[in-house]
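Note sheet for the following structure.
Bear in mind that the values in this text are calculations on the coordinates, not laboratory data. Predicted, not measured: the structure shown is a model, and the values here were computed from it. All Cβ positions, even for glycine, are placed from backbone atoms using ideal geometry, and neighbour counts span all protein chains on display.
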Ligand code: ADP
Ligand code: MG
């Protein structure tokens with residue numbers, strides 16, 4: 001029997017040493033390097049598929065980070081290399097970066113410079129290398145970690161001063177969202193970038209995604225003292241690959257927009273739990289089967305669960321959030337239909353092995369699940385999940401520990 005594979009995070013020194021070494025290999029010398037920056041991946045505790053419905057989410061920053069070593073250039077050329085794309089140098093001129101025209105992983109990087117320029121900041125070209133211990137495509141936001149590490153690097157190199165306070169960080173997050181949506185072409189909401197730039201160690205970030213809120217109104221740091229409660233957040237990267245993910249995500253967004261239009265509201269956030277039954281009745285005529293109504297029920301109940309979760313945590317009742325996590329999973333599985341066999345298997349197995357709560361996290365169709373586990377049961381829960389995957393003939397999952405960690409810096 002093999003044992004669970006733990007995906008360890010790197011120390012700051014180790015991460016910095018890796019990108020310095022890579023920079024020397026790619027660009028010959030690190031003598032005029034401007035510095036090294038890093039940004040975390042994130043895991044969402046609850047509040048899934050709510051960000052594009054002007055709802056609430058509650059992410060924490062992972063200890064797993066993407067590191068960037070960067071040197072500004074006097075021209076507008078961008079040259080990039082990543083340890084995760086070995087042997088390849090990605091190059092462009094910033095003047096050539098435009099929606100639809102920028103291909104490959106460098107779009108996530110050059111897109112940030114493009115978006116900062118579009119916001120009126122004087123940002124030039126650069127040479128940069130990247131290395132990361134955030135798992136790729138696992139729903140833990142390696143894409144935002146990359147964007148946000150670049151954003152704080154460009155902020156420092158060009159003296160923008162945005163990373164110095166939360167309002168400025170909200171501006172950097174907005175630039176990263178534009179990079180991902182418009183240049184990389186991934187239609188995601190704003191949670192990932194806000195988490196990577198605005199979370200703080202020991203805290204979860206209660207994110208209010210209503211448009212037009214000030215930075216202060218849009219995010220609130222909620223003390224999340226897992227260790228003090230004797231608990232551990234276990235993340236399981238299922239390594240499940242599913243086709244059609246992009247189309248499914250867009251389809252969910254489209255359903256939510258159609259439902260909001262039919263109900264005559266700007267977003268589903270405006271439907272309170274008390275008004276849900278009436279809203280569902282009004283949707284019946286526009287509904288083909290029950291799909292629209294199930295999607296709306298997920299969004300409205302998920303936003304309420306996120307509020308309840310944050311309230312329990314604020315009250316120091318972290319050990320009582322398990323049932324909310326479980327209900328979130330059932331809602332995502334049955335009403336929103338974004339779970340997958342592997343995610344359900346993690347949840348069912350973790351709960352049977354003693355987890356207080358478990359759910360899929362991130363967009364779904366694969367990716368990762370989380371379990372809230374008493375610290376002395378982590379190894380037993382991980383072993384049970386590992387064995388269940390082996391017994392089902394599935395690829396072995398990866399396991400991460402997720403103490404709430406620090407933001408991009
Ligand atoms: P997730 O954000 O859940 O990890 P995404 O599909 O949103 O998954 O983002 C993954 C993509 O981001 C990769 O396919 C790659 O294009 C880019 N990316 C993220 N991190 C890196 C990295 N360290 N080096 C190169 N590309 C990266
Ligand atoms: Mg992503």
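Which value, in Å to one decimal place, does the Kirkwood hydrodynamic radius take for region 227-401 when every pair of different Cα atoms is included?
17.2 Å
Using a 7 Å offset from the Cα along the Cα-to-Cβ direction at both residue 312 and residue 380, what is the distance between the two label points in nm, to one decimal?
2.1 nm
FRET efficiency for residue 277 and residue 12, Cβ-Cβ distance as r, R0 = 45 Å, nearest 0.05?
0.30
At 0.36 nm per residue, minus the direct Cα-Cα distance, what do residue 21 and residue 167 gain on full extension? Give it in nm, one decimal, please.
Working it through step by step, the gained length comes to 49.2 nm.
Roughly how tilted is helix 245-263, in degrees to the nearest 10 and between 0 and 90, from the longest Cα axis of the chain?
60 degrees
Among 130, 150, 291, which comes first, second and so on when ranked by fewest other beta-carbon atoms within 10 Å?
In order of increasing Cβ crowding within 10 Å: 291, 130, 150.
At 222 nm, what value in deg cm²/dmol follows for the chain if DSSP H runs of at least 4 each add -39500 (n - 2.57) and the sum is divided by all its residues, to the nearest 500?
-12000 deg cm²/dmol
If you bin every alpha carbon distance in region 56-124 into 10 Å steps from zero, what whole percent lands in each bin?
Going out from 0 Å in 10 Å bins, region 56-124 shows 16, 45, 29, 10, 0 percent.
If you average 1/r across every pair of different Cα atoms in region 138-204 and take the reciprocal, what Kirkwood value do you get, in Å?
12.0 Å
Three principal axis extents, largest first, for the C-alpha atoms of region 1-81, in Å?
45, 44, 19
Rank 89, 66, 50 by mean-square fluctuation in a GNM of the chain with C-alpha springs under 10 angstrom and give only the top-ranked residue.
For the chain, modelled as a Gaussian network with Cα springs under 10 Å, the answer is 89.
Return an integer: the convex hull volume of the alpha-carbon atoms of region 5-223, in Å³ per residue. Walk me through the intermediate numbers first.
Values: hull volume 26.3 nm³, N = 219.
Residue-normalised Cα hull volume stands at 120 Å³.
Taking only the alpha carbons of region 309-407, what extent do you get along each of the three principal axes, in Å, biggest first?
Principal-axis extents of the Cα atoms in region 309-407, largest first: 42, 33, 30 Å.
How far apart, in nm, are the 7 Å Cα→Cβ label points at residue 5 and residue 337?
In this crude label model, residue 5 to residue 337 measures out at 3.2 nm.
Rg and Dmax of region 280-323, using alpha carbons, in Å: what are they?
Radius of gyration, then largest Cα-Cα span, for region 280-323: 14.9, 44 Å.
How many percent of Cα pairs in region 369-409 exceed 14 Å?
56 percent
Starting from the Cα of residue 265, step 7 Å along the direction of its Cβ; do the same at residue 84; then give the gap between the two resulting points in nm.
It is 3.6 nm.
Can you give me the C-alpha center-to-center distance between region 300-329 and region 218-267, rounded to a whole angstrom?
Their Cα centres are 14 Å away from one another.
When you count, for each residue, the other Cβ atoms within 10 Å and take the mean per peptide, how do 358-367, 9-18 rank with the highest first? Can you show the working numbers first?
Details: 358-367: 25.7, 9-18: 15.8.
Going by the mean number of other Cβ atoms within 10 Å, highest first, we get 358-367, 9-18.
So how tilted is helix 12-27 from the main axis of the chain? Cα-based, degrees 0 to 90, rounded to 10.
Value to nearest ten degrees: 50.
For region 136-247, how big is Rg over Rh, using alpha carbon atoms and the Kirkwood form of Rh?
Rg divided by Rh gives 0.99.
The chain: percent of C-alpha pairs farther apart than 42 Å?
That fraction is 11 percent.
Give, in nm to one decimal, the length gained when the segment between residue 73 and residue 221 is fully stretched (0.36 nm per residue of separation minus the Cα-Cα distance).
49.6 nm
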